[in-house]
Every structure is written in C-alpha cells, then in structure tokens.
Amino acid sequence: MVLSTYLNSLSKTPQKLKKRMLATWTPDQELNKVRLRSGADMKRKLTWYDLVALGVGGMLGVGVFVTTGPVARKTSGPSVFISYIVAAVSALLSSLCYTEFSVDVPVAGGAFSYLRVTFGEFVGYFAGANILMEYVLSNAAVSRSFTEYLSCAFGRNDPNSWRIHVHGLMQGYNMLDFPAVALIIVLTICLCHSTKESSMLNLIMTAFHVVFFGFIIIAGFCNGKVDNLVKPGGIAPYGVRGILDGAAIVYFSYIGYDTVSTMAEEIKNPSKTLPLGIVGSVLIVSALYCLMALSLCLLLPYNMIPEGASFSAAFELMGWKWASNVVGAGASLGIVASLLVAMLGQARYLCVIGRARLVPSWFAKVHPTTGTPLNATIVLGICQASIALFTELDIVIEMISIGTLLVFYLVSNALIFRRYVILSKNPPLHTLLFLFLLSSTSFAFSFSWKFKLHWWNLGLFAGLTFFTTVIFQYFVPMVVMQRQESWLVPFMPWPATISIFLNVFLMTTLKMVAYKRFGIWTCVITIFYVLYGVHSTYHAEEILEMIVVDNVNVNSSTQQIITKVDIQLV
C-alpha cells in the first residue's frame, strides 16, 4: 500500500517540480508560518558581544597556522600579509550581503532561507545541502587537527602519535583518531544543553585564543627584523600574481563568519545586533591574521620559513623551544572554539531545512526546555564523529572550499536580484541579463589569469565587468525603502558585484578533482530532491493548504472540502 502510494506520487514528479522548484516564500512566511513547525521557539538570549565572539571563534581556527607558512614560502613571499588583506576584502563584501539578508529574514536558515525567498525552493535547497556538506566534512577533518596540535602541546613531534594505525584500510583512512571523536561528542553534549552556555564557553576560549595570537604578534614585532621583509627578493618576490594566488589560498581561513547569521532566532534586537556581530567579527579576524602573517615574516626571511608548523619552527629558531608547546596549546584551543561555533550553526541549518520539509520534519523539532534543535544536533554530531574517526583533512579540503564559495556567490547574486527586482518592482529580465554577463566576464577574467594569457585579456574582461555594472546601475532604477528594523548594504550594486567577481576568481583556483567530487555530490542531492524533497514539500505546501478553509467555512461539510480538494488537484 505504501509502495503503491509512493509510486503513484512519483509518477506526478514533473508536475510537482514545475510547481515547487521556483516556489518562493516571503520573509513574513519564513518568520511566522514556517518557524512554527519547530514547535517551541529558540530562546533569544544572545547579545552583540556573543555574536562577535561566535564569529571570531568560528574563524580563528587552524587555517592561519596551516596556510601562512606555505603561502609565504612558495606563493607570496613577505607580501603574504597583503594576500590576507585581499582575502579580507572578499570576506567582508560577502559578509555585507549576508548581513542585509539576515536582518530582513532573521531566521536560523542562513543562506538556505535567503536563497529560498529570492530564487525559489530548489536553489535554496541546493545551497543548504552544500553548506551542510561543508560543515560536516570540515568539522570532522579539522577535529583531527586538534589531535595533532594537542600532541605538540605535550611535546610529541609525531602528529600520528595519538592515533591508531589499522592495517588493511585505504591510505588516508587508516589512522583511527579517537581523541577527535571524543571532542565532537563533548561539544555535541554542550550544544544540546543550551545555546547561551555554549556561547559563554566559546567566549572564554576565544578570549584566551586572542591573547595567544597577541603573544605571537608581539613576539614577532619585538624580536623580528625589518630587513627580513625586503631580503631576499623584495617584499613581493613573486609579483602581483603571487599576492593574488596567495589570497585565494589564505581566504579559507575566513570561512566561518556565515555561522553568525544562523543565530538570528536566538538574538536580542537582530536589526542592530547582526550587523555588529557579522561585520565586526570579520574586521577583528582580518586584523589579527594580517598581523600574524607580518610577524612571521619579520622573524624569518621568507625562503627560510618551514612549510609545516611554521610558527613553532620560527620560535624554535629564535631559541624559544618552549614556545612550540605554547603554539600547540593555543592552536588546539582555537580549533575547539571554531568547532563549537560551526557545530552550533550546522544544526540550525538542518533544523530550518526540516521545517521546509526538504528533509524529514523530525529534524526541525526544537526541544521545549533547552530551546535547541536537539535532533539535528545529535544526528550531525554522530555523522561528524564517524567521519573524524577515519578521514584525513587533505582528502576533503578542496570539496569544502568549492561548496562554500559557490554559496557565497549565490548569496551575492540573490542580493542584487532582491534589491532590483523584488523590492524595486523592476522586470526581472534586465537584472538576470546583468547577472549572466557579470558571471561570464568574471569567469573569462579568472580563466585568463589561471592560464596566464596576455595582460590585455585581463584588462578587457575587467573593463567589461566594470562597464556592465555602470550601465546596469544607470539604466535600472533601485527603490530604497528602508524600514526602521532593516539594514541595507551601501553603494549597491558595487559591493555585491565585487563579491561575485572575487568568489568566481577564487573558485577557478581550485583543482579539477574538486569539481569532479562536487559533480558527484550535486547528482546525489539532486536525486534526493527529485525522489523525496519535492514530494514532501508539495504535500506540505500544496495539498494541505487546499483543505484549510476560512473561518466562515468552518461549518462546511466534509464532502464539500473533499470536492474542493479534488477540483484544485485536477
């Protein structure tokens, strides 16, 4: 019986896809009707400093320790701090796009909700699935880095000293990491208990981590030499190309600020708190990263910086062997804070996707006592612990990057479409044509850079991007109707345009293997949507809506209701 019903439903897939793929919600529906499906509300306890701490904690992870040394040695030279500045500009522009959406649609769905109210259900689902993939894989893999740095803090030089080697398993999956699993279990229990208490724990750890960063920065500036910035080869021995290529690599140290937007349902006064939390955390982290990179290049000439454990090695060459242990302890603390924030955000993404019925509604339930999405938190914790037990970081890092950059790219496009079509009531054709031309010229510039074509190609495509934006801004009017509780990105469409350009540029720096894996993942989530998601949402949003009658029809007979449903289903 169940199978025959499902097969009958499956036979109507084309009709359902036509109705649901581009179906959008309004911000009011997201805030009220959809949110009620979780039962209890999430508790509004977070303030602006909680958000800044969550944003800083989410970004100050292992990235800066892993990328700075190799980029300085092989890609950017002493100008690696300029690479961090370029990456910071890209992250800041993307964060501005997130901020406007998060204030207008203050729900826990983040990019999933923003894209669903703008481009429709399937684009929102596609973005949400990629964000969940990025969270689960990166949290599982980075938790293994915690084991490595913690072993360094206890004086162990072998990163696998606390892991168990299993013969017979494939290379990259044969080192079992039980400390990483234990860390994920502990953090999952904390997150199930209370968001506010978890935020306070993150605030304490982040404060210690910032102090630790300050120690490295002060030590570098006090003991380093300015000559190391210009000898040998000058401040930019690899030229402008080296600086920009380095920016593409170090950019991934900034991933994590989007988690702040998923806290929107648990924030007091979102319209004022969210801009401070998102933009403020990006600015603080940008300053710390640039100073960290500069201090490393002051300590050693770029051609002497080791690619592995760069900061530890620099202190050891100074004669501060004890500092290697301090670096290990500080990095471990940073990873814990980063994981806590990421796990906090991922559960809220899954909760809101469950509200939309794109995954089973069981994931949308919020516990009435703790005010947390308990089911989503536990299931994702189990998935991460299972992956962390086996999988090395380098296997999934490229996959993580492409999914994140694509979502940032989609959010920037959505902001332009929302401003010029949805809010300004302009015909969509002109805006869609502009977005197509903008992406095309951005890809053309990026591929010209990647394949080292003549400089005039770069100038041509950069110029086309610029003039396309100028023409669009001049001919397509934008109506600004700012409400008291809203927050708008200034100087539109330029911030979103530059964000699109930079995200496209960074995506083209990734290796082909990332695109192959991403293609497989795209096929998997699309098949799931066709076989489950579209049928579930059609039932929730189309059929059930048909049998809801107005108060004036409450006394109508059951036969009248059935007749109404039958007529509308034809």
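The values are calculated or read from the model by the stated rules, or taken from the named source; none is laboratory data. The shown structure was predicted, so the numbers you read here are calculated from the model rather than taken from an experiment. All Cβ positions, glycine included, derive from the backbone under ideal geometry; neighbour counts span all protein chains shown. The protein model used for the area step is the full one, side chains on, heavy atoms only, and it has no ligands, DNA or RNA in it. Shrake-Rupley method; radii C 1.70, N 1.55, O 1.52, S 1.80 Å.
Past 18 Å, Cα to Cα, is the threshold; run 452/511; 450/511; 19/365 against it and keep the listed order. Don't skip to the answer; put the middle values down first.
On the way: 452/511 16 Å; 450/511 11 Å; 19/365 27 Å.
Over 18 Å Cα-Cα: 19/365.
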Using mean Cβ contacts within 10 Å as the protection proxy, how do 424-434, 114-124, 269-279, 78-88 order, highest first? 78-88, 114-124, 269-279, 424-434
So how do 412-423, 335-346, 131-142 stack up, highest first, on mean other-Cβ count within 10 Å? 335-346, 131-142, 412-423
Candidates per chymotrypsin sites (Phe, Trp or Tyr not before Pro) in the range 464-534, loop by DSSP, up to 16 other Cβ within 10 Å: 491
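Per residue, how large is the accessible surface of the range 244-402? Use a 1.4 angstrom probe and give square angstrom.
On the way: 4650 Å² over 159 residues.
On a per-residue basis, the range 244-402 sits at 29 Å².
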Computed over the range 80-160: relative contact order in percent, which uses C-alpha pairs under 8 Å that are six or more apart: 13 percent
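What does the net charge come to around residue 238 if you take all other residues with beta carbon closer than 9 Å to its beta carbon, with K and R at +1 and D and E at -1?
Values: positive: 74, 241; negative: 245.
So the environment of residue 238 carries a net charge of +1.
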Any idea how far the Cα center of the range 412-435 sits from the one of the range 9-29, in Å? 22 Å
Distance from a point 7 Å along Cα→Cβ of residue 193 to each backbone N in the range 352-383: keep the residues under 15 Å and list them by number. 370-372
Just grab the label-to-label distance for residue 24 and residue 185, each label 7 Å out from Cα along the Cβ direction, in nm (one decimal). 4.7 nm
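For the range 431-528, with all protein chains present and a 1.4 Å probe, just round the carbon and sulfur fraction of the accessible area to a whole percent. List each step's numbers first, then the result.
Working: 4460 of 5790 Å².
Ligands and nucleic acids excluded, carbon and sulfur reach 77 percent.
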With charges set only on the Cβ (+1 for Lys and Arg, -1 for Asp and Glu), what does the dipole of the range 198-317 come to about its Cα centre, in debye to the nearest 20? 280 debye
Under 12 Å, Cβ to Cβ, from residue 300 - net charge with Lys/Arg +1 and Asp/Glu -1: +1
